[in-house]
Amino acid sequence: MKKLIIGLPKGSLQESTVALFKKAGWNIYIGSRELTPRIDDPELSGLLIRAQEMAGYVAEGVLDCGLTGRDWVIEQGAKVKEVCALTYSKVGFSKVRWVLAVPQDSPIRSPRGLRGKCVATEAVNLTRAYLKKHQVKATVEFSWGATEAKPPLLADAIVEVTETGSSLAANNLRIVDTVMWSETVLIANLKSWRDPWKRAKLETLALLLQGALEAGAKVGLKMNVSKKSLARVMRKLPALHTPTVSSLSDPGWFSLEVVIDEKVVRDLVPELKRAGASGIIEYPLNKVIP
């Protein structure tokens, strides 16, 4: 049987990745000490790999594909095919950013202030490219972790990834500049991408994973509306497309169904009720495929 070997990110993205795959239709089982996850799809074989290393293994062909950050693809200079972007992170559905940060009382206010200084980071190549862009010569040292603790004794500044900035603030650090924005991407080995069967499987993966992400911020609403209130209720409904309207067995009554952003439901439901809707049901979605 043909198989697609996929790399799943070990570490901070692991839990959210497993949850995303479950919503997309794949159950992944990982034991506490296992590095070879079990996937309920005989055509998929998984391996847990650190996101920092993923692009290299995909480029070499050890893996057919994998999920990692676009930042790590650039950091490794890996020649891979980006199949699609999947904007999710450890804590939500947003991009992350690499930032230049310094102690709160540091005189450094811009990249120019780094001249002759020491910068600690896990993303050495990204940082060197950033310094070159700003025509600044500084020492860049690789950090094995706990990078926020390096300034001011072990480094003058750091380049670190952040989602909310809370960890930087907790370590008395101030953001000076954004080095780059990044997001999770599904990448493929170039040879695997040229294989018709593997490409079709990858495209299916991309479609359903993107659909699961799209559904994460949306819900379905269903309600009953009388004929006299129909136009008034429909004016209140934002939708991906025209709401679905079905006649009920009761003459003069209709059922309306619509997909909307979850964030608007709290304010929208009372308005729908006042406009004449009844029997309003909100339900979660697993996938939204445009």
Query - Residue list for the range 275-290, restricted to those being at pLDDT below 95 and among the charged types (D, E, K, R) - result: Lys287
**Report entry** Selection count where residues are under 23 Å from Val161 (Cβ atoms), surrounded by fewer than 16 Cβ atoms within 10 Å (Cβ to Cβ) and hydrophobic (A, V, I, L, M, F, W, C), scope the range 1-35
**Finding:** 1
Report summary line: Considering residues that are without any contact (Cβ under 8 Å) to a residue 24 or more places away in the chain and under 21 Å from the mean Cα position of the chain (by Cα), the number found within the range 166-203 is 2
Report task. Output the residue which, of all residues in the range 51-68 that are at pLDDT 95 or above and of a type in the set (Gly, Ala, Ser), is farthest from Thr121 (Cα to Cα). Result -> Gly61
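Check the range 93-108 and report whether any residue there is surrounded by 14 or more Cβ atoms within 10 Å (Cβ to Cβ) and acidic (Asp, Glu). Quick ask: steps written out before the conclusion?
Looking only at the range 93-108, we keep the residues that are surrounded by 14 or more Cβ atoms within 10 Å (Cβ to Cβ), and these are 93, 95-103, 106, 108.
Cutting the leftovers down to acidic (Asp, Glu) gives us none.
Within the range 93-108, not a single residue is surrounded by 14 or more Cβ atoms within 10 Å (Cβ to Cβ) and acidic (Asp, Glu).
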Requested in this report: At least 3 residues that are crowded, with 17+ Cβ neighbours inside 10 Å in each: list the helices (runs of 4 or more DSSP H) lying fully within the range 175-290 that qualify.
Outcome: 196-216, 230-236, 265-275
**Report entry** Test set (1) in a strand (DSSP E or B); (2) of a type in the set (Val, Ile, Thr); (3) farther than 19 Å from Pro9 by Cβ - Thr164 fails condition number
**Finding:** (1)
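The values are calculated or read from the model by the stated rules, or taken from the named source; none is laboratory data. The structure displayed is predicted, hence computed values, not measured ones. Note: ideal-geometry Cβ built from the backbone for every residue, glycine included; neighbour counts use all protein chains shown.
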